[in-house]
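*Asks:* Shown below is the structure under consideration.
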Amino acid sequence: MTAAAETTPYSCPDVRSPHWLGTRPRLVVASAFMLFLELALIRWTGSNIVHLSYFTNFVLLGSFLGIGLGFLRVGRTARVPYYSPITLAVLVLVVLIFPVTVDRQTEGVLYWTSLATTGPPPWLILPVVFTAAAVVLMGPAELVGRCFPELGRLEAYRYDLLGSLAGIGLFTGLSFLGAPPVVWGAVAALAYTALLWPRTLGGRVALAIPTLVVVGALAVETLTAGAVWSPYYKVTYNRFDWHGVPIMDIQVNGIPHQQAVPAANRLEWERQYALPYERAGGRRPGDVLIVGAGSGTDVAIALLKGARHVDAVEIDPRLRELGGIHHPDRPYDDPRVTTVVTDGRAFLERTAGRYDLILFALPDSLTLVSGASSLRLESYLFTRQAMEAARDHLKPGGTFSMYNYYRESWLVDRLAATAQAAFGHRPCVDIVSQAGQQAVITAGLTEEAQTCGTRWAGANAATPQPASDDRPFLYLKDRAVPQIYLVTLGLILLVSALAVRAVAGPYRRMRPYTDLFLLGVAFMLLETKSVTGFALLFGTTWVVNAIVFAGVLAAVLAAVEVTRRFRTPPLPVMYGVLLCGLALAWLVPVSWLLGLPLPLRAVVAVVVAFLPIFVANVVFARRFADSADGTTAFGANLLGAMVGGCLEYLALVIGYQALLVVAGVLYLGAFALLPRTARAGGAAPLG
């Protein structure tokens with residue numbers, strides 16, 4: 001740090017600073033705000049720019065870049081970062097004025113539902129969002145970084161982690177309450193005011209105008225859109241009569257998603273809804289499981305067909321609530337219906353129920369799991385293992401069926417091949433309409449349990465292999481990273497390299513911390529593996545996701561506390577323990593974990609997933625504590641995390657389990673670059 005930076009009012013000294021918050025509470029508030037703002041940007045931009053519903057990693061990568069740059073700016077400027085709220089206000093206005101819907105049919109990757117493109121093209125709006133996210137997050141990160149030199153390395157890191165946990169807790173609580181973005185904007189305005197604390201008229205104007213713009217614009221959106229905010233979507237709905245038929249049309253994130261229609265009318269208008277019952281031999285269904293129950297039309301049809309009992313599984317609580325209030329048939333009021341708000345795959349793994357019919361009813365989530373670059377909410381429903389789980393819950397003579405608008409014939413064949421692999425015989429495949437490949441796929445527990453109108457011809461050389469729990473990428477036809485991803489990630493890395501050079505100066509400043517950079521890359525891969533692993537074991541719900549992120553931070557905090565309070569072995573020994581932890585995670589199969597009782601599964605999963613995370617952060621904490629320039633070292637580590645976010649896409653080719661191997665290679669590289677002075681001897685407590 002320069003002498004000028006040390007005496008500025010914004011460098012956080014406890015005694016000399018005139019700021020109303022001392023170093024430690026200000027560090028906690030700034031860290032909490034930084035993570036809260038990152039999560040809010042990911043949720044809100046994805047609800048208005050459809051590209052980001054599927055590429056949430058795009059905003060995450062921009063956030064990591066901004067946070068890293070914020071730390072690297074420490075000591076190079078004493079200016080108050082008013083640029084952050086100003087950029088946020090501009091971003092909010094741009095997104096609200098130019099919202100985007102998009103046709104998600106891109107070479108190599110298949111998405112659907114929205115068939116029209118409106119708003120700015122991707123090549124224009126995505127760079128704007130990426131750059132804005134980086135600049136917005138750079139401000140809070142700079143405020144966090146300015147506190148680090150005033151405390152011991154690990155003490156500062158400790159308070160940073162405590163703040164991050166508070167930020168996750170606050171955002172999770174608001175998500176649980178269904179708070180609209182105007183509340184998020186109000187939190188941001190309060191945090192900016194508390195942290196920047198302008199003392200001049202010019203500073204007050206520079207802060208007041210953008211914060212008022214943010215809160216005002218989000219208030220207008222909340223009041224005019226009539227949206228209901230679920231933990232996953234911005235849900236809007238419209239009720240109307242069409243030729244005397246009451247209909248509720250539901251959109252999520254601005255995309256037509258589903259309609260609540262009387263069961264009799266839906267059966268009359270679209271044959272796909274009746275086919276699962278016809279292919280089951282026309283028998284009256286007894287016990288029915290519907291995954292993707294949504295607003296209730298499929299439940300109403302099952303009741304109309306004479307079901308004795310229906311378990312209706314829906315991941316989104318707001319869609320379930322809308323169906324319960326507004327569906328014309330009021331199916332959720334029927335005593336024969338039991339509703340479960342959870343992930344469909346998680347329900348299959350936990351339930352002891354057995355069914356005459358299991359139906360996957362158009363489960364197209366339209367969104368990704370936060371923190372996992374390519375994992376959609378329903379990805380684990382369409383793997384071979386998921387269909388085997390469905391098979392195991394069928395009664396003798398029972399059938400499994402799913403339908404959707406599949407758009408591509410190869411996707412219909414892939415799902416049919418997956419059903420064949422799971423059930424041991426070819427399923428019934430009904431192409432209801434060639435337009436959009438509207439199809440119904442039905443497989444009986446035995447071949448005799450299904451009554452096919454047209455039997456599937458079978459897989460051919462062009463049919464992709466069934467998706468698996470390790471590579472659950474149903475909509476990725478080829479085992480490759482799509483070109484659009486490669487080009488986008490390449491541009492992100494190029495822009496990031498230029499930005500680091502412009503903000504931080506020559507790269508030689510970070511050269512002593514190359515090992516910390518690699519630790520950041522590897523850690524991001526470990527976090528991705530943890531998020532996807534827990535999503536498979538316990539569900540892709542927002543609650544599981546929040547618990548995993550909090551658990552990762554808690555493991556990191558535990559590593560810091562151990563390093564502060566106890567003597568730790570030499571770093572070469574810790575690297576050896578880390579590699580053993582990675583080997584353990586590699587050797588323990590997910591299929592074995594899924595077979596354990598839920599409490600035992602949770603304990604074993606936590607040990608297997610968090611052991612390498614804990615040890616890796618003991619390594620980082622020891623190395624960080626001995627660094628000569630704490631903010632530069634921390635910034636290098638954060639930039640490594642951004643690169644790790646790019647490397648996550650390797651899972652599209654090698655699967656999630658193999659990310660452990662990549663992480664192991666990166667940790668070996670970090671060990672090879674470890675300074676000689678850091679290799680010898682154990683480390684005394686640093687508290």
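The values are calculated or read from the model by the stated rules, or taken from the named source; none is laboratory data. Bear in mind that the values here come from a model prediction, so they are computed numbers and not experimental data. Counting neighbours? That spans all protein chains shown, and the Cβs are built from the backbone with ideal geometry, glycine included. Heads up: the accessible areas ignore ligands, DNA and RNA and are worked out on the full protein's heavy atoms, side chains in. Shrake-Rupley method; radii C 1.70, N 1.55, O 1.52, S 1.80 Å.
*Asks:* Using packing as a proxy for protection, rank 280-290, 310-320 so that the peptide with the highest average count of other Cβ atoms within 10 Å comes first.
*Replies:* Those peptides, ordered most packed to least, come out 310-320, 280-290.
*Asks:* Which value, in debye to the nearest 20, gives the size of the charge dipole of the chain about its Cα centre, when Lys and Arg are +1 and Asp and Glu are -1 at the Cβ?
*Replies:* With only Lys, Arg, Asp and Glu charged at Cβ, the dipole is about 1780 debye.
*Asks:* Given the DSSP H assignment, sum -39500 (n - 2.57) over each helix run of at least 4 residues in the chain and divide by its residue total; what's the result at 222 nm in deg cm²/dmol, nearest 500?
*Replies:* -18000 deg cm²/dmol
*Asks:* I've got another one for you. Under a crude label model (7 Å from the Cα following the beta-carbon direction), how far is residue 212 from residue 241 in nanometres?
*Replies:* If labels sit at residue 212 and residue 241, their model points lie 4.7 nm apart.
*Asks:* Just for the chain, what percent of DSSP beta bridges are antiparallel, to the closest 5?
*Replies:* About 60 percent, rounded to the nearest 5.
*Asks:* Could I ask something else about it? If I take every Cα pair under 8 Å that is 6 or more residues apart in the stretch 267-344, average their sequence separation and divide by the length, what percent do I get for the relative contact order?
*Replies:* The normalised contact order for the stretch 267-344 reaches 29 percent.
*Asks:* What's the magnitude of the charge dipole for the stretch 548-658 around its Cα centre, counting Lys and Arg as +1 and Asp and Glu as -1 at the beta-carbon? Answer in Debye, nearest 20.
*Replies:* 280 debye
*Asks:* While we're on this one: Working out 0.36 nm times the residue gap between residue 124 and residue 354, then minus their Cα-Cα distance, what length gain in nm do you get to one decimal?
*Replies:* Gain on stretching residue 124 to residue 354: 77.7 nm.
*Asks:* At 1.4 Å probe size, with every protein chain present, just tell me what the per residue accessible area of the chain comes to in Å².
*Replies:* 37 Å²
*Asks:* Once you keep just the Cα pairs under 8 angstrom separated by 6 or more residues, what percentage relative contact order results for the chain?
*Replies:* Result for the chain is 14 percent.
*Asks:* Here's a follow-up. Report the net charge of residues surrounding residue 144, where surrounding means a beta-carbon distance below 15 angstrom and charges are Lys +1, Arg +1, Asp -1, Glu -1.
*Replies:* That works out to +1.
*Asks:* Further, regarding this structure: Specify the angular offset, from 0 to 90 degrees and rounded to the nearest 10, of the alpha carbon long axis of helix 201-225 from the longest principal axis of the alpha carbons in the chain.
*Replies:* So the helix axis and the longest Cα principal axis differ by about 0 degrees.
*Asks:* Just to confirm a number: summing +1 for Lys and Arg and -1 for Asp and Glu over residues other than residue 644 whose beta-carbon lies under 12 angstrom from that of residue 644, what do you get?
*Replies:* So the surrounding residues net to -1.
*Asks:* Let me ask another. If you take every residue apart from residue 590 with its C-beta less than 9 Å away from the C-beta of residue 590, what net charge results, scoring Lys and Arg +1 and Asp and Glu -1?
*Replies:* With Lys, Arg at +1 and Asp, Glu at -1, the neighbours total -2.
*Asks:* Right, here's the next one. Between residue 661 and residue 592, what length comes free when the chain is fully extended (0.36 nm per residue of separation minus the Cα-Cα distance, one decimal in nm)?
*Replies:* Taking 0.36 nm per residue and subtracting the Cα distance, the gain is 22.8 nm.
*Asks:* Of the chymotrypsin sites (Phe, Trp or Tyr not before Pro) in the stretch 518-604, which ones lie in a loop per DSSP and count no more than 14 other C-beta atoms within 10 Å?
*Replies:* Loop-located and lightly packed - 566.
*Asks:* While we're here: Please compute the modelled spin-label separation between residue 468 and residue 284, points set 7 Å along Cα→Cβ, answer in nm with one decimal.
*Replies:* Distance between the two pseudo-spin positions: 4.5 nm.
*Asks:* Sticking with this structure for a sec: Pick out, from 577, 49, 496, the residue whose Cα sits farthest towards the positive end of the charge dipole of the chain, with +1 on the Cβ of Lys and Arg and -1 on the Cβ of Asp and Glu.
*Replies:* Selected residue: 577.
*Asks:* Out of these labelled values of semi-axes √(5λ) of the Cα gyration tensor in Å, [x] 46, 29, 21; [y] 104, 23, 17; [z] 70, 29, 23, which was calculated from the coordinates shown here?
*Replies:* Only one listed value fits the structure, namely [x].
*Asks:* List the lysines whose Cα lies under 25 Å from the Cα of residue 305, skipping any in the same chain that are fewer than 8 positions away.
*Replies:* Leaving aside lysines fewer than 8 places away in the same chain, those within reach of residue 305 are 395.
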